[in-house]
Amino acid sequence: MSSHPRRWAALSVIALAQFVVIMDTSIIGVALPRMREDLGFSPDGLQWVFNAFVIAFGGLLLLGGRLSDLLGARRVFSAGWGILLAGSVVSALAGSTGVELVGRAVQGAGSALIAPAALTLLMTLFGGTAELPRALAFYGAAAPAGGTAGVFLGGVITEWLSWPWIFWLYVPIALAVLLAAPFVMPANPGRAGAVDVVGAVTVTGGLALAVLGVVRAPSVGWGSAETLGTLAGAVVLLSTFLVLEAGVRAPLVRLGIFRSPMLGAANLAQLLLGAAWVPLWYFLNLYLQQVLGYGAFASGSALLPMTVLIMVLMVAVAPKLITHFGVKPLIVGGLVALAAGLFWLSTASPTGTFAVDVLPASLVAALGQALAFIPSLGTALSSAPSEDGGLAAGIVNTSYQIGSALGLAAMTAVAATHGGNRVGEAFALTNGYTAAFTGAAVIALAGAVLVAVTLRTPRSGDRDAEDAARQHLTDANV
């Protein structure tokens, strides 16, 4: 398969998929205030524009990976783009909050098929070849590039066109991919097997209820029947998922994979990174626009230094540091740096400036995110047996997305409790946003402590996993 004549053209399409999936989580941030005004979102409900995508994406990633194995990666890849196209059209045409959230959830479902199928196609084309390191580097660079492009394009489109064009942007991209895929992608066959639909439904439903319970708690009360009932429903569904996975013949998640302590610790790091990082990105956008008075384009531009730094560090610096220091010091040190940047942001004032209150703190946080993300991801991927590589990739992606959704829900509740839902009142908004930054900093710091305790420094029996993580990430930077 390494001699596939259009493998580099195929890789371009695969990297574009990674670029678009990551862009879809960042491009929306700058447009949120305009969407709130036009569609009538409440301050607490606004986060669901992000969460509707993330819950569908994170909850269905494992199912997407399973379907790629059973139906063939190219077929699932194309189906995902078709679903993403449909969700983008619905989101662009939405005239109400409910329709907008449906469109975003459909986008997330499409991305949950695209992401694992893309990685499967990459390994089909380049796995076991000398070209694999270059292919992985190309694929890996697409993620931070997508994040950077999303922030900037979101500002440009929102400022000079209107927010629906953020979603129309996906239409020509999706059509181009759907036309190109049959000609450049390998037609890898599927294989016989069952689909754990019940498992996918229970894990996605449990996650949705958990987020809903945390979001609604500040307005209805943490001890209210609604909050307790919603959170209890989440526990029941997620517990049911675990029971099902232990007994079903073809589970979404083979629970035995977690016997690797390094895999569990690395996934914990990814979950807490998402829980700390996404609230930073979300509330920093709101602080720039609703407190400092930035327009959408200016807000997107203000976040470019942070996202460019992340891209440079992830692609060019972090793999080299792993070679010299190993994964554990970088994960722990990165989480500490992220916490420091968040604590710094928590000192922002209602009359602050970008140069003093935002830029230096955001760069410190970006440094921490970049340093911790790459080694924790590499450790999660390399700690599983080779036959479970696809499952490990699905689990680590899911961990980050679940952390993102729950962290944002929790910090939105914290912000609302401290005045972050009082639109138009700069002092109250700043109080709420800085409280959210403080809460996210505590999450990052707790993550550093937990990883320091749970991620063992390899001894004789564990050295192979550490070496594999270093080699995996060093090769990906060739």
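The values are calculated or read from the model by the stated rules, or taken from the named source; none is laboratory data. Everything quoted here is computed from the prediction, not taken from an experiment. Backbone-built Cβ (ideal geometry, glycine too); neighbour counts: all protein chains shown.
Worth pointing out:
- Here Asp69 meets each of (1) of a type in the set (Asp, Glu); (2) at pLDDT below 75; (3) under 30 Å from Met123 (Cα atoms) with one exception, condition (2).
- Taking residues in region 298-325 that are assigned by TED's automatic domain parsing to the domain that holds Leu288, and partners anywhere that are not in a helix (DSSP H, G or I), the pairs with Cβ atoms closer than 6 Å and at least 6 places apart or on different chains are Ser299/Val30; Gly300/Val30; Pro319/Asn477.
- Qualifying residue in region 452-470 (condition: at pLDDT below 85 and either within 19 Å of the chain's Cα centre (by Cα) or β-branched (Val, Ile, Thr) (or both)): yes
- Region 292-312, residues that are in a helix (DSSP H, G or I) and surrounded by fewer than 22 Cβ atoms within 10 Å (Cβ to Cβ): Phe297, Ala298, Ser301, Leu304, Pro305, Val308, Leu309, Met311, Val312
- With respect to the stated conditions, Leu93 is touching a residue at least 12 places away in the same chain (Cβ under 8 Å), surrounded by fewer than 24 Cβ atoms within 10 Å (Cβ to Cβ) and closer than 16 Å to Trp168 by Cβ.
- Residue match in region 58-70 (condition: crowded, with 20+ Cβ neighbours inside 10 Å, touching a residue at least 12 places away in the same chain (Cβ under 8 Å) and either of a type in the set (Ser, Thr, Tyr) or not in a helix (DSSP H, G or I) (or both)): yes
- Of all the listed residues (Val236, Val203, Val253), the sole one being under 30 Å from Ala436 (Cα atoms) and under 23 Å from the mean Cα position of the chain (by Cα) is Val203.
- Against the numbered list (1) under 26 Å from Leu406 (Cβ atoms); (2) in a helix (DSSP H, G or I), Trp81 comes up short only at (1).
- As for region 380-403, it holds no residue that is at pLDDT 65 or above, within 20 Å of Phe50 (Cα to Cα), out of contact with any Gly (no Cβ under 6 Å at 6 or more places or on another chain) and not in a helix (DSSP H, G or I).
- Pick from region 154-176, criterion touching a Ser or Thr at 6+ places or on another chain (Cβ under 8 Å) and modelled with pLDDT under 85, ranking: nearest to Gly300 (Cα to Cα): Gly155
- Checklist (1) over 29 Å from Ala441 (Cβ atoms); (2) at pLDDT 80 or above; (3) in contact with a helix residue (DSSP H, G or I) (Cβ under 9 Å, 6 or more places away or on another chain); (4) among the small types (Gly, Ala, Ser) applied to Ala250, failing item: (2)
- Any hit, region 200-216, residues being in contact with an Asp or Glu (Cβ under 6 Å, 6 or more places away or on another chain), within 20 Å of Ser68 (Cα to Cα) and of a type outside the set (A, V, I, L, M): no
- Among the residues of region 17-44, those identified as in a loop (DSSP other than H, G, I, E, B) and not aliphatic (A, V, I, L, M) are Gly29, Gly40, Phe41, Ser42, Pro43, Asp44.
- Within region 290-329, the residues that satisfy the criterion of being among the small types (Gly, Ala, Ser) and farther than 29 Å from Trp165 by Cβ are Ala316, Ala318, Gly326.
- Counted residues, region 98-113 - those being of a type in the set (Val, Ile, Thr) and either within 11 Å of Phe50 (Cα to Cα) or in contact with an Asp or Glu (Cβ under 8 Å, 6 or more places away or on another chain) (or both): 0
- Within region 119-133, one or more residues are aromatic (Phe, Trp, Tyr), touching a helix residue (DSSP H, G or I) at 6+ places or on another chain (Cβ under 8 Å) and either over 18 Å from Ile395 (Cα atoms) or surrounded by fewer than 23 Cβ atoms within 10 Å (Cβ to Cβ) (or both).
- Hey, Leu338 buried (at least 19 other Cβ atoms within 10 Å of the Cβ), touching a Ser or Thr at 6+ places or on another chain (Cβ under 8 Å) and either hydrophobic (A, V, I, L, M, F, W, C) or not in a helix (DSSP H, G or I) (or both) or not: no
- If only residues of region 217-235 that are surrounded by fewer than 21 Cβ atoms within 10 Å (Cβ to Cβ) and in contact (Cβ under 8 Å) with a residue 40 or more places away in the chain are counted, the one that is nearest to Gln401 (Cα to Cα) is Pro218.
- If you filter region 6-25 down to residues that are surrounded by fewer than 24 Cβ atoms within 10 Å (Cβ to Cβ) and not aliphatic (A, V, I, L, M), you find that the one that is modelled with the highest pLDDT is Ser12.
- Of the candidates Leu367, Leu288, Leu363, the single residue that is at negative phi, aliphatic (A, V, I, L, M) and surrounded by 23 or more Cβ atoms within 10 Å (Cβ to Cβ) is Leu288.
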